[in-house]
Each structure stands twice: as structure tokens, then as C-alpha cells.
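Note sheet for the following structure.
What follows draws every value from the coordinates through simple rules; no lab data is involved. Bear in mind that the values here come from a model prediction, so they are computed numbers and not experimental data. All Cβ positions, even for glycine, are placed from backbone atoms using ideal geometry, and neighbour counts span all protein chains on display.
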């Protein structure tokens, strides 16, 4: 990766959610490929987004061709405490490229606490015990990618955002890998129709949140894709986020969204926890036109069982995912290819 560089945080339209963060200059580095990562001290989980609180009057802006950013987004489970989906969205505005990376909540990472004591913990537990500040440090260490802004929110906020960005048409075009008619562990009725071509807020939330039935019984249609693990859910979340950004946030953006974006985005942020750096919604929408749908890709962290049999850890490979009419293909990205990918984006 590049030597120390400073870049402005851009409010990335939350992607799974379709938003992102813009902001001030932060140091990016390709150093520090260590087995352990130290938590980055960020904003406490309970605080709300406040652009004024992060404004740095001494900061100077760089031209758009020098801007890169990575933002962390956590969609919380129905209990409001656990991380259900963990996603980073990285943007290189000069190249017009964006990468959506899904991090399984149940993978183990090596961390250090405030006293420097090392231990293994899942991303889910790190978030539960330390909030977004701890999770951002853990996630940034997996691929040695600096995490800039970060937000967490529930599926209600996610639905609200999706409804806004699909209010001018029928919705996000996406084919589910399998139909579902079941009850989720939290008692929510989940109906997913593989023949349904469009997704808006409510059915998108059900699509992304489902991964197993309450009684762990699956009919012949559902079992074609779902196996009771979170892997199918992760694949859908990554590829649906890709579809949403590609279809709604690239190229020509509807003037309606540009006119009303500030109000809608502020409303969404009011439902979030965490903090993003100062945002410039007008510049954000202008800059999104730099991206092309074919340059937006979805990935998932690949994992392998730990030697002691305790859970899974990152195996040094990313799975590049693509949904082709309901069939999600995978392509391994590792070694030099992975290094070049990270270098190109970060």
C-alpha cells in the first residue's frame, strides 16, 4: 500500500445502506501487517452523529483525485445490541472504483486490550463488549485497511433509507437465490419470493436479515441455498449492497434525490450511532457520478477453522461475489492479487 498519505473522509452513501462518509484528512499507511491489532480509540457507541463535533477548521481539502476513504457500517440485530452484518465500503474517487467487503460476525481475530494483553475474540463479541470503536480497530487489522468513519443502525433505519432511494421507481433489481416462507429465530415472519424482481425497504430488510429458521427445519426450496449458517446471508448482503450502489448511486442521479438529500440523510443519521467526519452532501452526490457500475465489486472475507477447533479465522483470501440471476458465483482473490486490490483502493 502507499506510504503515509492524508485524505479527506467522504461521507460514503450508506451502502448496504447506500450512504458514505466524507471528511478530513487521515493518515493512511501500508505498514503494520501484524498478526495482532490494537483497538483504535473512536467515539463511544452510544453517541449520535454530529458533523459539527468533527469539524476541523484548520483542515485543508485535497482535490478529488487524491481522495480515498473506507467506512464501516454495522446493521444491528433485532435486539439492538448485537452486530448482524458488518460491512466496509471503500472508495477510490480518482479511479471511480468501490469495494464492498462483508466481514462475518463470527470470525475470530487476535486483539490487544488496553494493557497490551493478547486474546482471540469474534467480531460479534468485540462489538458487543467494546462498541464501534473496538470493532473499527479489529476490522482495520484484518486487511491492514484504515477505517475512517463508522455508523451502526437497525433494520428499521436501513428500510427507511432504502425507501427513500427507491421512491422514484419500483426498487432495486435483485434475484434472491431461493424462496423462503418461514419464521426467523426472533419470531419474524420471512417471505422471500425468488420471482420477486424488485426490492424496497421492507422486503430488503427481510432479505438481508434472514439466515436460519426458528426450528432449524427447511423446506425443499429454501434448503437449495440456506443451510442454517450465516454464509448465505453474508453473500446476499454483499451482492445486494453492490446492486443497490450500482443501480441507485452511480452515473446520472435523479434530481429529486439531489434536491432532498440533505433532509433525508440527516433523518437517517438521527437513527444511527457512531460518528462520521464532516460531510458535504452536495459534493457527495456530485462525486458519486465519478463511479461506474462495472467498477463496483462485492467481496466476502473467507475463513478457515482454527487449529484448536475453536471457530473460524481469516484465511488470507477474499471471495469476489457476483449474483447472476439468483446464482451467486465466487472467485478467490489472494496472494499478489489481494495485495494489488488493497493497494489500488487504499
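Just a few scattered comments:
- Sequence-separation-based contact order of region 132-195, relative, with Cα cut under 8 Å and 6+ spacing, percent: 19 percent
- Förster-model FRET efficiency, 25 Å R0, residue 344 and residue 322, C-beta, rounded to 0.05: 0.85
- Potential lengthening between residue 329 and residue 106 on full extension [0.36 nm per residue; Cα-Cα distance subtracted]: 78.1 nm
- In range of the label at residue 271: residues from region 119-157 whose backbone nitrogen is under 12 Å from the point 7 Å along Cα→Cβ: 153-157
- Residue order, fewest to most surrounding Cβ atoms within 10 angstrom, among 322, 294, 252: 252, 294, 322
- Each Cα pair under 8 Å and six or more residues apart adds its sequence gap; the mean of these over the residue count of region 175-313 is a relative contact order of 20 percent.
- With a Förster radius of 30 Å applied to the beta-carbon distance between residue 189 and residue 312, the computed FRET efficiency rounds to 0.50.
- Modelled label positions at residue 214 and residue 254, each set 7 Å beyond Cα in the direction of Cβ, lie 3.6 nm from each other.
- Projected label points at residue 163 and residue 119, each 7 Å from Cα along the beta carbon direction, are separated by 4.1 nanometres.
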